[in-house]
Amino acid sequence: PALRAHALQTALDAGRGAQLLDGVGEASAEWARASLVGSAAVRLLTKDPNTTLMRLELGARKVLEKHGLPGNGVPKLLDRLVAVGVLAKTSSGTAPYALAVSSEEAAFHLGDVGALRGALSGALKDVSAKAPQAQVRLQSLLLRCARASETWPRYPVEARWPFLKAVALLDKGEQSLLSDALSKDPGLRHFPLIDTALLMITGRQADNWVK
């Protein structure tokens, strides 16, 4: 609790108080559209940081229309994503937006379960194939996700949902590999997200939980 209170105060001191509320639990049509546009923008900017505004708008409209939502007003939605701290405006005339946070933190804020599932599946596939440094890359991904889940300390439970939903969508083999990775890394075990994921996969409480 003391660490979580410190994290909350740090966020407030950094001027992120309003961002802690934005989009959390919001069921409005505008936020549904903004989160989809954000997910599309994050994918494009992660792949190519020099993505043009035209490509961002085309990608965003494509995603919106795929979900049966109107594709108009994308610039306004991009501006909201800047306001909540997912994107940042640049001084570039050709590439006016950049990621303001890591792709993992953006996925947690936007509720992008698909992005987290894809990242986990890819990392676990490499581990299964015994690819060079695969275990290190998986542990790095898990650490980034665990840290991202702490970004909105005012909502510690809700902040974990995107990751837990992504884990639930993994197949049994992937969940087994993930459980093994989570349980063997002591550096991850102090994050509530990790213990919660292990409880969901294995059904067993952590040894240090209060009973």
* All positions within region 29-63 that are part of a helix (DSSP H, G or I) and among the polar types (S, T, N, Q) -> Ser35, Ser39, Thr46
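Residue-wise test of (1) at pLDDT 95 or above; (2) of a type in the set (Ser, Thr, Tyr); (3) open to solvent by 70 Å² or more (accessible area, probe 1.4 Å).
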residue	(1), (2), (3)
Arg61	yes, no, yes
His67	no, no, yes
Leu116	yes, no, no
Ala148	no, no, no
Arg154	no, no, yes
Ala159	no, no, no
* Select, from Leu170, Leu193, Leu182, Leu178, the only residue that is under 20 Å from Glu104 (Cα atoms), at pLDDT 85 or above and surrounded by fewer than 19 Cβ atoms within 10 Å (Cβ to Cβ). => Leu170
* To do: Evaluate the following for Leu138: is it in contact with a Phe, Trp or Tyr (Cβ under 9 Å, 6 or more places away or on another chain) and either buried (at least 16 other Cβ atoms within 10 Å of the Cβ) or not in a loop (DSSP other than H, G, I, E, B) (or both)?
  => no
* Condition met for Arg144 (in contact (Cβ under 8 Å) with a residue 12 or more places away in the chain, open to solvent by 40 Å² or more (accessible area, probe 1.4 Å), farther than 15 Å from Ala107 by Cβ and of a type outside the set (A, V, I, L, M, F, W, C)) -> no
* Structure fact -> Reported set for region 69-79 where residues are within 13 Å of Ala100 (Cα to Cα) and crowded, with 19+ Cβ neighbours inside 10 Å is Leu78
* Is it true that some residue in region 72-81 is small (Gly, Ala, Ser) and at pLDDT below 85? -> no
* Evaluate the following for Leu69: is it without any contact (Cβ under 8 Å) to a residue 60 or more places away in the chain and not in a loop (DSSP other than H, G, I, E, B)? => no
* Val74: aliphatic (A, V, I, L, M), in contact with a strand residue (DSSP E or B) (Cβ under 9 Å, 6 or more places away or on another chain), without any contact (Cβ under 8 Å) to a residue 40 or more places away in the chain and closer than 21 Å to Leu58 by Cβ, yes or no? -> no
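The values are calculated or read from the model by the stated rules, or taken from the named source; none is laboratory data. Remember, predicted model here, so these are calculated numbers, not experimental data. Glycine gets a Cβ as well: all are built from the backbone with ideal geometry, and neighbour counts include every protein chain shown. These accessible areas exclude ligands, DNA and RNA; they are computed on the full protein's heavy atoms, side chains included. Shrake-Rupley method; radii C 1.70, N 1.55, O 1.52, S 1.80 Å.
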